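Just below is one structure, and these are the notes that go with it.
The values are calculated or read from the model by the stated rules, or taken from the named source; none is laboratory data. Since the structure is predicted, the reported quantities are computational estimates derived from the model, not experimental observations. Positions of Cβ are backbone-derived with ideal geometry, glycine not excepted, and every protein chain shown enters the neighbour counts. Quick note on the areas: whole protein, heavy atoms, side chains included, nothing else; ligands and nucleic acids left out. Shrake-Rupley method; radii C 1.70, N 1.55, O 1.52, S 1.80 Å.
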Amino acid sequence: MTEYRLLLLPGDGIGPEVMREARRVLAWLSRHRGHECHLAEDLVGGAAIDVHGVPITDAVIAAARAADAVLFGAVGGPQWRHLGFDRRPEIAILRLRQDLGLFANLRPATVLDPLVDASTLKPEVVRGLDLMIVRESTGGIYFGEPRGIETLPDGSKRGINTEVYTTHEIERVGRVAADLARLRSRRLASVEKSNVMESGLLWRETITSLIARDYPDLTLEHVLADNCAMQLVRNPRQFDVIVTSNLFGDLLSDLASMCTGSLGMLPSATLGAPDAQGRRPALYEPIHGSAPDIAGKGIANPMAQILSLAMALRYSLNLPEDAALIEAACTSVLANGLRTADIMAPGCARIGTSVMGDAILRELDKSLA
Ligand code: IPM
Ligand code: MG
């Protein structure tokens, strides 16, 4: 019997709605796959602000550290926007990344065959797309010092953020990306702005020597970030694994996600460094955000949350077969023509969040037969 501890943090907006469906899949796994799964659930983001006055409590950070994996929903919404920069709900995810040392953010952009028409790009450009962006997620301009807003002698102000990377930070995320590339097509693209930024130059040099030294079997390509954005729209399939900084990864992963046309489908994983026992802290979340405009309507697509759970099974719990079951169930549901509003297509049946959950569970049941 496999035993594991998961912390569920549904958060705000559609977070709780899609997490409910992921919970049902977890219950199915316990019932039919012999997992003993210890679930805890807590508040983050605006939901935590409302109850505790802060976007995430120290107790939740400690619980996240103790769990085998964290399954995160989404945070934020207009009702907390007046609180100001230092109390915004987004701090919850930034603190989790930083406090747990979750430095490697894996963001796949995959086009499943039944959804090839969901993209605004031509089907022949995106068919079969299977891209993995590895975004550094505890460094760079998101956390660099100095930062702040200062008042100048003439009374005007100056806003400051600092892009800063050390060799160690670049190497460790480079290794995660290179290890992934080895399991895939052995092609790695490293993305920076070494033509303008010293931190980008160090990035390029560090990745070059890492690959030459420890991964000579990989083909490494260097791409400037602006060119990468252009190439992703022109011909996204030229890339397999992309490794890049926090800010460029934030931008390029949104861009790549829209090559697939279905934000509601895309999961992500954020991994830390393994400890002496090989346990690595990890957080799994859909990339779609809290979508306040559709929250509470029961129409959100739960697949990205459920596929995030599948990633947790694969990368943290060493249950790749269970991950594959879930992924196959999602693909079958789509092949059967069932669609939530975000991926609706002519000739398909439009269903809501919980009916989508039902359909996935039905496909999982079929897999037992
Ligand atoms: C993301 C989000 C976050 C980020 C926000 C919510 C802080 O855009 O995960 O991509 O910028 O990292
Ligand atoms: Mg983002």
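Counting the residues of the range 233-246 that are more than 18 Å from Val176 (Cα to Cα) and either among the hydroxyl-bearing types (Ser, Thr, Tyr) or not in a loop (DSSP other than H, G, I, E, B) (or both) gives 5. Remark: pairs (first residue in the range 148-170, in a loop (DSSP other than H, G, I, E, B); second residue loosely packed, with under 11 Cβ neighbours inside 10 Å and modelled with pLDDT of 95 or more; Cβ separation under 8 Å; 6+ apart in sequence or on different chains) = Leu152/Arg158; Thr162/Glu145; Thr162/Pro146; Val164/Glu145.
Screening the candidates Arg127, Arg135 for the property of being in contact (Cβ under 8 Å) with a residue 40 or more places away in the chain and either in contact with a Pro (Cβ under 6 Å, 6 or more places away or on another chain) or not small (Gly, Ala, Ser) (or both) yields one hit, Arg135.
Given Arg31, Arg81, which one is away from ligand 1 (no atom under 15 Å from the Cβ), without any contact (Cβ under 8 Å) to a residue 12 or more places away in the chain, surrounded by fewer than 13 Cβ atoms within 10 Å (Cβ to Cβ) and assigned by TED's automatic domain parsing to the domain that holds Ala329? Going through Arg31, Arg81 in turn, the sole match is Arg31. Per the conditions (1) modelled with pLDDT of 95 or more; (2) open to solvent by less than 10 Å² (accessible area, probe 1.4 Å); (3) within 16 Å of ligand 2 (Cβ to nearest atom); (4) over 28 Å from Leu100 (Cβ atoms), the sole criterion not satisfied by Ala229 is (2). Counting only residues that are under 13 Å from Arg237 (Cα atoms) and among the β-branched types (Val, Ile, Thr), the range 92-144 holds 5 of them. Counting residues in the range 287-305 that are part of a helix (DSSP H, G or I), within 16 Å of ligand 1 (Cβ to nearest atom) and closer than 19 Å to Ser268 by Cβ gives one or more. Within the range 334-369, the residues that satisfy the criterion of being among the small types (Gly, Ala, Ser), surrounded by fewer than 20 Cβ atoms within 10 Å (Cβ to Cβ) and either on the phi > 0 side of the Ramachandran plot or in contact (Cβ under 8 Å) with a residue 12 or more places away in the chain (or both) are Ala335, Gly337, Ala341, Ala345, Gly347, Ala349, Gly352, Ser354, Ala359, Ser367.
Taking the criterion of being in the same structural domain as Ala282 (by TED's automatic domain parsing), among the small types (Gly, Ala, Ser), within 22 Å of Pro281 (Cβ to Cβ) and more than 16 Å from ligand 2 (Cβ to nearest atom), would at least one residue in the range 36-55 satisfy it? Yes; the residues of the range 36-55 include at least one that is in the same structural domain as Ala282 (by TED's automatic domain parsing), among the small types (Gly, Ala, Ser), within 22 Å of Pro281 (Cβ to Cβ) and more than 16 Å from ligand 2 (Cβ to nearest atom). In summary, Ala282 fulfils each of the numbered conditions (1) touching a strand residue (DSSP E or B) at 6+ places or on another chain (Cβ under 8 Å); (2) away from ligand 2 (no atom under 16 Å from the Cβ); (3) at pLDDT below 95 with the single exception of condition (3). Per the listing Arg97, Arg88, the residue uniquely in contact with a strand residue (DSSP E or B) (Cβ under 7 Å, 6 or more places away or on another chain), within 16 Å of ligand 2 (Cβ to nearest atom) and either in the same structural domain as Ser316 (by TED's automatic domain parsing) or over 22 Å from Val134 (Cα atoms) (or both) is Arg97.
For the subset of the range 239-263 comprising residues that are closer than 24 Å to Ile326 by Cβ, open to solvent by less than 10 Å² (accessible area, probe 1.4 Å) and over 10 Å from the mean Cα position of the chain (by Cα), which member is nearest to ligand 2 (Cβ to nearest atom)? Across the range 239-263, the extreme among qualifying residues is Ser257.
For every residue, the table says whether it meets (1) away from ligand 1 (no atom under 15 Å from the Cβ); (2) open to solvent by less than 10 Å² (accessible area, probe 1.4 Å); (3) of a type in the set (Ser, Thr, Tyr).
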residue	(1), (2), (3)
Gly76	no, yes, no
Phe85	no, no, no
Arg97	no, no, no
Ser137	no, yes, yes
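Pairing residues of the range 288-303 that are at positive phi and of a type in the set (A, V, I, L, M, F, W, C) with residues that are assigned to a loop (DSSP other than H, G, I, E, B) and surrounded by 18 or more Cβ atoms within 10 Å (Cβ to Cβ), at Cβ distances under 8 Å and at least 6 apart in sequence or on separate chains, gives Ala291/Gly13; Ala291/Ile14; Ala291/Ala300.
For the range 350-369, filtered to residues that are assigned to a helix (DSSP H, G or I) and among the basic types (Lys, Arg), the residue that is nearest to the chain's Cα centre (by Cα) is Arg362.
Looking across the range 250-286, just one residue is part of a loop (DSSP other than H, G, I, E, B), among the hydrophobic types (A, V, I, L, M, F, W, C) and either within 12 Å of ligand 1 (Cβ to nearest atom) or under 19 Å from Ile306 (Cα atoms) (or both), and that is Leu266. Could you check, for the range 20-28, whether at least one of its residues is more than 16 Å from ligand 2 (Cβ to nearest atom), open to solvent by 30 Å² or more (accessible area, probe 1.4 Å), assigned by TED's automatic domain parsing to the domain that holds Gln305 and touching a Cys at 6+ places or on another chain (Cβ under 9 Å)? Yes, some residue in the range 20-28 is more than 16 Å from ligand 2 (Cβ to nearest atom), open to solvent by 30 Å² or more (accessible area, probe 1.4 Å), assigned by TED's automatic domain parsing to the domain that holds Gln305 and touching a Cys at 6+ places or on another chain (Cβ under 9 Å).
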